[in-house]
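**Q** First the structure, then my questions, so here it is.
The values are calculated or read from the model by the stated rules, or taken from the named source; none is laboratory data. Worth saying up front: this structure is predicted, and the values here are computed from it rather than measured. Cβ placement follows ideal geometry from the backbone for every residue including glycine, while neighbour counts extend to all protein chains displayed.
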């Protein structure tokens, strides 16, 4: 059922636009049900509280120890960027899911997706560095361990990579009104509307590249490291028996 052919069904909430939730309610969209909104909001509130408390405790405990080690450097960065992800993603997600339109301004429309991408990338690579550090300590103990200088260089590399790979999101995110099939929706909508519509392959390649750098490559490295650690632990255990 098209919006144009059924435009008489949808009574505009304002003189010149239609509330998108009013339209979706006719299609029984789950985000328009009050019970779903209550459950969804409660879950996200719990995630937000647990994330803030958990990462806050991690950061504060490392700072209180006043012990600068390679593992602690990676852990404190992991906690900071997990905290940033919690602050930028968790409160906004349910609001956006229910309201659909963006109410946080153009600057946050550009900044929030970029900061979320950066947080995920740096967090995943901090976990990767922790796995590599443990691999070097357990599987190849004769090699020189990473120094604080090595850790800072690795983190700087992660920061630069995160900035470069996430910057297209800042440039492509736009806040604009939306008109679908001749129907103007109330409010402004934040999305990656600056990509070249004539060549969608650019957006697809960028998305795949970002996914690989953020998740696939770290997952491969961590899987390899922990598999080798498990093999070494099993071999030592069998030799001792």
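**Q** Give the residues of region 64-92 that are exposed (fewer than 15 other Cβ atoms within 10 Å of the Cβ), assigned to a helix (DSSP H, G or I) and touching a helix residue (DSSP H, G or I) at 6+ places or on another chain (Cβ under 8 Å), sorted by residue number.
**A** 65
**Q** Still on this structure: Which residues, taken from region 168-207, are closer than 13 Å to residue 108 by Cα, buried (at least 16 other Cβ atoms within 10 Å of the Cβ) and out of contact with any strand residue (DSSP E or B) (no Cβ under 9 Å at 6 or more places or on another chain)?
**A** Result: 170, single match.
**Q** Then there is this: Among the numbered criteria (1) more than 23 Å from residue 128 (Cβ to Cβ); (2) part of a loop (DSSP other than H, G, I, E, B); (3) in contact (Cβ under 8 Å) with a residue 12 or more places away in the chain, which one does residue 146 miss?
**A** Only one criterion is unmet by residue 146, namely (1).
**Q** Related question: Just checking, does region 46-54 include any residue being within 30 Å of residue 147 (Cβ to Cβ), part of a helix (DSSP H, G or I) and within 19 Å of the chain's Cα centre (by Cα)?
**A** Yes, region 46-54 contains a residue that is within 30 Å of residue 147 (Cβ to Cβ), part of a helix (DSSP H, G or I) and within 19 Å of the chain's Cα centre (by Cα).
**Q** If you check 161, 165, which single one turns out to be within 26 Å of the chain's Cα centre (by Cα) and more than 30 Å from residue 98 (Cα to Cα)? Before the answer, list the steps.
**A** Working: 165 fails: more than 30 Å from residue 98 (Cα to Cα).
From the options 161, 165, the qualifying one is 161.
**Q** Conditions: (1) touching a helix residue (DSSP H, G or I) at 6+ places or on another chain (Cβ under 6 Å); (2) surrounded by fewer than 19 Cβ atoms within 10 Å (Cβ to Cβ); (3) in contact (Cβ under 8 Å) with a residue 24 or more places away in the chain. Residue 47 meets all but one. Number of the miss?
**A** Checking residue 47 against (1) touching a helix residue (DSSP H, G or I) at 6+ places or on another chain (Cβ under 6 Å); (2) surrounded by fewer than 19 Cβ atoms within 10 Å (Cβ to Cβ); (3) in contact (Cβ under 8 Å) with a residue 24 or more places away in the chain, the one that fails is (1).
**Q** Can you tell me which of (1) without any contact (Cβ under 8 Å) to a residue 60 or more places away in the chain; (2) within 16 Å of the chain's Cα centre (by Cα); (3) surrounded by 20 or more Cβ atoms within 10 Å (Cβ to Cβ) is the one residue 129 doesn't meet?
**A** (2)
**Q** Now for a different question. Please find, among 100, 110, the residue that is at pLDDT 90 or above and closer than 30 Å to residue 185 by Cα.
**A** On the way: 100 fails: at pLDDT 90 or above.
Going through 100, 110 in turn, just one is at pLDDT 90 or above and closer than 30 Å to residue 185 by Cα: 110.
**Q** If residue 102 passes every condition in (1) in a helix (DSSP H, G or I); (2) touching a residue at least 12 places away in the same chain (Cβ under 8 Å); (3) over 16 Å from the mean Cα position of the chain (by Cα) but one, which one does it miss?
**A** (1)
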